[in-house]
Amino acid sequence: MKLRCAIIDDEPLAVELMEGYVRDTPFLTLCGSFGSGTIALSTLRDHPVDLLFCDIQMPGLNGMELSRMLPPETRIVFTTAFSRYAVEGFRVNAVDYLLKPISYADFLSAANKA
């Protein structure tokens, strides 16, 4: 079974890295990449995914706020440079919390948890 996933990050290089990781992971299918939570929200409401790789600190709608607006069955892996959001991330039932820079081994481990 393939998991449909999406990536949200306001850093283009981070998005590019994560897209490569998804392409290298046979059980994941990329359904979209977004540069902001606001843009992603409208698409994800109409076309939900199984797994979301989401940055936390973004302009406008941040990843933590976005996670509370998505269907409860959407599994979320937070991808961030800041460890200070970890406790709050697990309060919204995140599957995992990855600190940048993210290695493929850590990415794969989080994807397997999902």
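Tabulated results
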item: Considering residues of the range 9-50 that are among the charged types (D, E, K, R) and in a helix (DSSP H, G or I) only, the residue surrounded by the fewest Cβ atoms within 10 Å (Cβ to Cβ); result: ASP46
item: Number of the condition not met by ALA110 [criteria: (1) small (Gly, Ala, Ser); (2) in contact with a Leu (Cβ under 7 Å, 6 or more places away or on another chain); (3) farther than 22 Å from PRO12 by Cβ]; result: (3)
item: Residue that is farthest from the chain's Cα centre (by Cα) [pool: residues in the range 51-89 that are assigned to a helix (DSSP H, G or I) and in contact (Cβ under 8 Å) with a residue 40 or more places away in the chain]; result: LEU66
item: Residue tally, condition over 12 Å from the mean Cα position of the chain (by Cα) and among the hydrophobic types (A, V, I, L, M, F, W, C), over the range 1-30; result: 6
item: Filter result for MET69 (in contact with a Leu (Cβ under 9 Å, 6 or more places away or on another chain), surrounded by 19 or more Cβ atoms within 10 Å (Cβ to Cβ) and modelled with pLDDT under 95); result: no
item: Filter result for MET58 (touching a Gly at 6+ places or on another chain (Cβ under 6 Å) and of a type outside the set (Ser, Thr, Tyr)); result: yes
item: Top-ranked residue of the range 72-94 - restricted to ones that are aliphatic (A, V, I, L, M) and surrounded by fewer than 18 Cβ atoms within 10 Å (Cβ to Cβ), ranked as modelled with the highest pLDDT; result: ALA81
item: Verdict on ARG4 being closer than 15 Å to ALA111 by Cα, among the charged types (D, E, K, R) and in contact with a Cys (Cβ under 7 Å, 6 or more places away or on another chain); result: yes
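For (1) of a type in the set (S, T, N, Q); (2) touching a helix residue (DSSP H, G or I) at 6+ places or on another chain (Cβ under 6 Å); (3) closer than 19 Å to LYS2 by Cα, each residue gets a yes or a no:
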{"residue": "PRO26", "(1), (2), (3)": "no, no, yes"}
{"residue": "ILE39", "(1), (2), (3)": "no, no, no"}
{"residue": "SER42", "(1), (2), (3)": "yes, no, no"}
{"residue": "VAL87", "(1), (2), (3)": "no, no, no"}
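The values are calculated or read from the model by the stated rules, or taken from the named source; none is laboratory data. Predicted model, so just to flag it, every value in this text is computed and none were measured. Note that we place each Cβ from the backbone using ideal geometry, even for glycine, and neighbour counts take in every protein chain shown.
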